[in-house]
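J.: Below are the structure tokens for one structure; questions will follow.
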Amino acid sequence: MTKENTKVKVAFFDFASCEGCQLTIVDALQTHLSLLDVVEIVQFREAMTEKGEDYLIAFVEGSCNRKSDEERLFKIREQAALVVALGACAHTGGVNALKNIQPSLQETREYVYGDKADWYEVYPTRPISAVIDVDAFIPGCPIDRGEFVKVVKNVLLGKRPGIPDYPVCVECKLKENVCLLLEGKPCLGPISRAGCGAICPTYGDGCEGCRGIIPHPNENAMKDVLDEAGLTLNEIMARFTMYNAYQEDQIETAEKTI
């Protein structure tokens, strides 16, 4: 058996997104060429023209914005042994899901497309996990190149991806940052998933939760922190919905059915 035959075949797919996460992967491969010794990329629109349909792992960037997207996702899921959601749009719905919380989807479509609104198929934005089963995710907008390399290595070894499940505040404390909430600035650090190195708070900008919300966030403690900082829920929600509008939409829908 040749070395080429031992490589794991992977493919990259894009749905509604800016494709910035795929460009981050191109950057990562320039400094981690050894990955290409163990994987064979058979489809990657940002980097190659060939399109192979024989792959074991599928990395999917972008959210599902159209009913017609679902069939393509089903085919990817049927072929791939592992599906990895790549970046915020695929993981949480990302900024695309902001339209979900607008009063009317039709009005939003007309605002964007004007008199050509009916030309474009659209429905409420969904993360890909709302359409197919997802085996792993790499969060962020864009993803972190180092984390991508680590996840790929772990997955190839049959290990858990190793995505942090603790809040950004942990990384802020490790960097000895002054808490922005103590300065009266909005920040989602207490409930947002770490792994970014707290890059936004480190440079004085509050976290907007691009890596999603941690499992089982302490919402009561977060409200207490907001009260102490003199911030309102509306000030925080303006940031929360930037990348997590799909989750907010799901919460509102659930509340209406109770």
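J.: Regarding Leu73, is this residue within 18 Å of the chain's Cα centre (by Cα) and assigned by TED's automatic domain parsing to the domain that holds Asp133? Step through it out loud before you land on a result.
T.: Numbers: within 18 Å of the chain's Cα centre (by Cα): yes; assigned by TED's automatic domain parsing to the domain that holds Asp133: yes.
Here the answer is yes, as Leu73 does meet what is asked.
J.: Any residue that is at pLDDT 95 or above, buried (at least 17 other Cβ atoms within 10 Å of the Cβ) and within 14 Å of Ala16 (Cβ to Cβ) - is there at least one of those in region 36-56?
T.: no
J.: Which condition does Arg239 not pass, out of (1) surrounded by fewer than 20 Cβ atoms within 10 Å (Cβ to Cβ); (2) touching a helix residue (DSSP H, G or I) at 6+ places or on another chain (Cβ under 7 Å); (3) modelled with pLDDT under 95, if it passes all the others?
T.: (2)
J.: So, one more: Step by step: first the residues of region 151-190, then only those that are within 17 Å of the chain's Cα centre (by Cα) and surrounded by fewer than 21 Cβ atoms within 10 Å (Cβ to Cβ), then the one that is farthest from Asp227 (Cα to Cα). Which residue is that?
T.: Looking only at region 151-190, we keep the residues that are within 17 Å of the chain's Cα centre (by Cα), and these are 151-152, 161-168, 188-189.
Filter once more, keeping what is surrounded by fewer than 21 Cβ atoms within 10 Å (Cβ to Cβ): 161-166.
Details: Pro161: 36, Gly162: 34, Ile163: 31, Pro164: 27, Asp165: 25, Tyr166: 22 Å.
The residue in question is Pro161.
J.: To continue, here is another question. Which one is farthest from Ala136 (Cα to Cα) among residues in region 53-75 that are in contact (Cβ under 8 Å) with a residue 60 or more places away in the chain and polar (S, T, N, Q)?
T.: Asn65
J.: Of all the residues that make up region 207-223, how many are surrounded by fewer than 20 Cβ atoms within 10 Å (Cβ to Cβ) and within 14 Å of Cys179 (Cβ to Cβ)?
T.: 2
J.: Another question, then. Answer with yes or no whether Lys99 is among the basic types (Lys, Arg) and over 18 Å from the mean Cα position of the chain (by Cα). Give the derivation first.
T.: Details: among the basic types (Lys, Arg): yes; over 18 Å from the mean Cα position of the chain (by Cα): no.
Taking the combined requirement at face value, the residue does not satisfy it.
J.: I need the full set of residues from region 19-35 which are farther than 12 Å from Arg145 by Cβ and over 12 Å from the mean Cα position of the chain (by Cα), in order please. Working first, answer last.
T.: Residues of region 19-35 farther than 12 Å from Arg145 by Cβ: 19, 33-34.
Leu33, Ser34, listed by residue number.
J.: In addition: In this structure, is Val225 in contact (Cβ under 8 Å) with a residue 60 or more places away in the chain and out of contact with any Cys (no Cβ under 8 Å at 6 or more places or on another chain)?
T.: On the way: in contact (Cβ under 8 Å) with a residue 60 or more places away in the chain: no; out of contact with any Cys (no Cβ under 8 Å at 6 or more places or on another chain): yes.
For Val225, the condition - in contact (Cβ under 8 Å) with a residue 60 or more places away in the chain and out of contact with any Cys (no Cβ under 8 Å at 6 or more places or on another chain) - is not met.
J.: Do you know which residues across region 147-192 are in contact with a Ser or Thr (Cβ under 8 Å, 6 or more places away or on another chain) and under 22 Å from Leu86 (Cα atoms)?
T.: Here is the first cut: in region 147-192, the residues in contact with a Ser or Thr (Cβ under 8 Å, 6 or more places away or on another chain) are 148, 167-168, 172, 175, 177.
The answer is Phe148, Pro167, Val168.
J.: Determine, yes or no, whether Phe13 is under 18 Å from the mean Cα position of the chain (by Cα), of a type in the set (Phe, Trp, Tyr) and modelled with pLDDT of 95 or more.
T.: Details: under 18 Å from the mean Cα position of the chain (by Cα): yes; of a type in the set (Phe, Trp, Tyr): yes; modelled with pLDDT of 95 or more: yes.
Yes: the conditions hold for Phe13.
J.: Does at least one position in region 223-240 carry a residue that is more than 26 Å from Ala97 (Cβ to Cβ) and hydrophobic (A, V, I, L, M, F, W, C)?
T.: Of the residues in region 223-240, the ones more than 26 Å from Ala97 (Cβ to Cβ) are 224, 227-230.
Cutting the leftovers down to hydrophobic (A, V, I, L, M, F, W, C) gives us 229.
Within region 223-240, one or more residues are more than 26 Å from Ala97 (Cβ to Cβ) and hydrophobic (A, V, I, L, M, F, W, C).
J.: Surrounded by fewer than 12 Cβ atoms within 10 Å (Cβ to Cβ), in contact with a strand residue (DSSP E or B) (Cβ under 9 Å, 6 or more places away or on another chain) and assigned by TED's automatic domain parsing to the domain that holds Leu36: which single residue out of Asp133, Asp118, Asp144 fits that description? Don't jump to the end; show me each part of the working.
T.: Values: Asp118 fails: in contact with a strand residue (DSSP E or B) (Cβ under 9 Å, 6 or more places away or on another chain); Asp144 fails: surrounded by fewer than 12 Cβ atoms within 10 Å (Cβ to Cβ).
Sole residue among the options that is surrounded by fewer than 12 Cβ atoms within 10 Å (Cβ to Cβ), in contact with a strand residue (DSSP E or B) (Cβ under 9 Å, 6 or more places away or on another chain) and assigned by TED's automatic domain parsing to the domain that holds Leu36: Asp133.
The values are calculated or read from the model by the stated rules, or taken from the named source; none is laboratory data. Everything quoted here is computed from the prediction, not taken from an experiment. Glycine also receives a Cβ, built like all others from the backbone with ideal geometry; neighbour counts cover every protein chain displayed.
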